[in-house]
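For reference, the structure discussed in these notes is given below.
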Amino acid sequence: MHAAAAPVPPRPGTVDGKAQRKVAPRRGQGVWDPDRRDQDPLVTILAQEDIRDPGLLALRHGRMGASPWNYYRGAAAVMAADLASHPDSGIRVQLCGDAHVLNFGLWNTPERRLAFDLRDFDETLPGPFEWDLKRFLTSLVVLSRESGLRDKATRKAVAAGFRGYREWIARYATWPEIDIWTDIAEFDRLVQYAVPADDQERTGRILEKRAAKRTSRGALDKLTVVADGRRQIVEKHPYRVHVGDGYASQLNSVLEQYLATVRDDLKVLLGSFDVVDAVQQVVGVGSVGMRVFLILAEERRTGDPLFLQVKQAGPSVYEPWLGASTYARHGERVVHGQRLIQSAGDSFLGWVSASGGDQRHDYYVRQFRDGKVVPTGAEIAPQLARYAGVCGHVLARAHARGGDVAAINDYLGKSDRVEEAFTAFAFAYDDQNARDQVQLAKAIEDGRVVAEPGWP
């Protein structure tokens with residue numbers, strides 16, 4: 001990331017961060033008390049499924065039940081309820097909503113620069129800054145333990161994640177607002193900070209090569225064939241299947257709505273493409289069962305491909321505790337949240353609504369892949385502390401854009417006890433997450449929850 005040209009004195013926040021320490025003492029951030037729970041986590045998980053595709057629910061259960069890490073990725077609703085059961089700082093930001101460590105990744109900016117940032121905003125909503133921070137730090141513990149790292153390495157990673165966040169919050173509190181908004185998490189800085197010096201050149205080349213393949217042209221080569229003179233997306237049941245006639249007829253209406261939500265110049269560009277195929281996808285863990293479509297379009301003059309992903313957006317898991325979104329459509333909520341907190345968002349973002357049976361579903365639209373690279377847990381684990389520090393930096397920048405950075409800085413202060421509190425919470429909640437995963441796995445084993453193997 002670039003350095004601010006001219007730091008200014010820390011600006012006063014709209015909320016008195018130091019005063020909020022009395023409302024929510026910082027030592028209390030380390031408390032996880034299961035007795036405050038007013039939910040059964042299994043009931044919470046199953047309650048999310050009313051708006052999901054019933055044919056994919058067994059797959060969702062299979063993925064979540066496979067391990068504590070998979071469960072954590074799919075159980076944002078459980079953690080949201082748990083976070084809400086404890087006092088919060090009262091300092092609001094635009095939450096990412098699901099800031100676990102694998103929801104950071106590489107992608108191409110509109111200027112075709114490779115950048116590193118948050119990448120998932122399905123749960124975005126204004127809320128207490130520490131809810132994102134706790135979800136991020138806890139994810140480091142869950143992933144670290146699943147990867148077999150020792151306790152010392154796990155604590156080092158959590159410390160690096162917290163310090164990366166707090167140190168950059170302190171810096172952003174002195175930056176002019178325009179510098180915060182133009183700050184971009186550049187790829188070369190990720191490599192510089194997250195990779196040992198003797199491996200930076202090799203790792204940089206590998207990541208750049210992977211990003212170069214993850215484009216519409218790369219997807220065309222990997223995911224399509226020409227059959228009967230027409231380009232088609234290859235099926236891989238049940239993870240990628242062609243849509244039925246009902247969905248196909250809706251897609252034209254969906255795309256017309258989508259065009260109404262993008263900039264006029266983008267309408268001109270998109271007007272030169274024709275849709276040639278579409279499939280329904282299964283993606284991720286938390287998103288399994290949500291309707292996701294992959295659309296292939298071709299430019300009329302050159303035949304160049306463009307892949308768009310249309311993803312269902314339901315209510316944020318935080319809405320029961322923070323209130324309903326101010327946006328009428330959840331796809332719009334996701335798009336505006338992403339635009340607010342991501343350093344340089346996808347130009348193709350838009351939103352739509354469409355009927356499905358007797359229900360009406362909201363969706364958002366984004367470009368598929370476009371240089372997107374998300375390192376796997378196995379790739380991250382050997383350098384987890386370094387990687388966590390960069391992610392903490394990125395999360396701080398997101399909160400500085402979408403919240404009161406001065407108030408956060410005043411609330412956190414410089415005391416080591418604050419770090420100790422957030423670390424204590426992360427370890428305690430990791431234990432709770434493991435117990436919750438066992439509950440789901442036992443329900444699957446007993447036949448109370450139907451599941452099938454979750455991965456290809």
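Throughout, read-outs are computed from the coordinates displayed, never taken from laboratory work. Note that the structure is a prediction, hence the values are computed from the model and not measured. Note that each Cβ is placed from the backbone with ideal geometry, even for glycine, and that neighbours are counted across all protein chains shown.
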Between the range 367-395 and the range 299-327, the alpha-carbon center distance in angstrom: 22
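With a ≥ b ≥ c the root eigenvalues of the C-alpha gyration tensor of the range 247-304, is it rounded (a/c under 1.5), prolate (a/b larger than b/c) or oblate? Walk me through the intermediate numbers first.
On the way: a/c = 2.08, a/b = 1.65, b/c = 1.26.
Here the range 247-304 falls in the prolate category.
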Say each of residue 228 and residue 264 gets a label point 7 Å from the Cα, pointing the same way as Cα to Cβ; how far apart are those two points in nm? 4.1
Counting as exposed only GluC sites (Glu not before Pro) in DSSP loop states with no more than 15 other Cβ atoms inside 10 Å, the longest exposed-site-free span of the chain is 236-456
Note, residue 381: beta-carbon cut-off 13 Å, +1 each Lys/Arg, -1 each Asp/Glu, net +2
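On full extension of the chain, what length is gained from residue 304 through residue 253, given 0.36 nm per residue of separation minus the C-alpha to C-alpha distance?
That works out to 16.0 nm of additional length.
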Compute from the Cα atoms of the range 252-401 the Rg and the Dmax, the latter being the longest Cα-Cα distance, and quote both in angstrom. 17.3, 51
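At 222 nm, what helix-only mean residue ellipticity would the chain give, in deg cm²/dmol to the nearest 500, using -39500 (n - 2.57) for each DSSP H run of four or more?
-14500 deg cm²/dmol
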Checked the range 343-456 against the a/c 1.5 cut and the a/b vs b/c comparison, axes a ≥ b ≥ c from its Cα gyration tensor; verdict oblate
Eigenvalues of the Cα gyration tensor times 5, then square-rooted: what semi-axes does that give for the range 28-87, in whole angstrom, largest first? 25, 13, 8
List, in the order given, every pair from 213/311; 311/372; 134/414; 18/152; 134/156; 213/372 whose Cα-Cα distance in the structure shown is over 20 Å. 213/311; 18/152
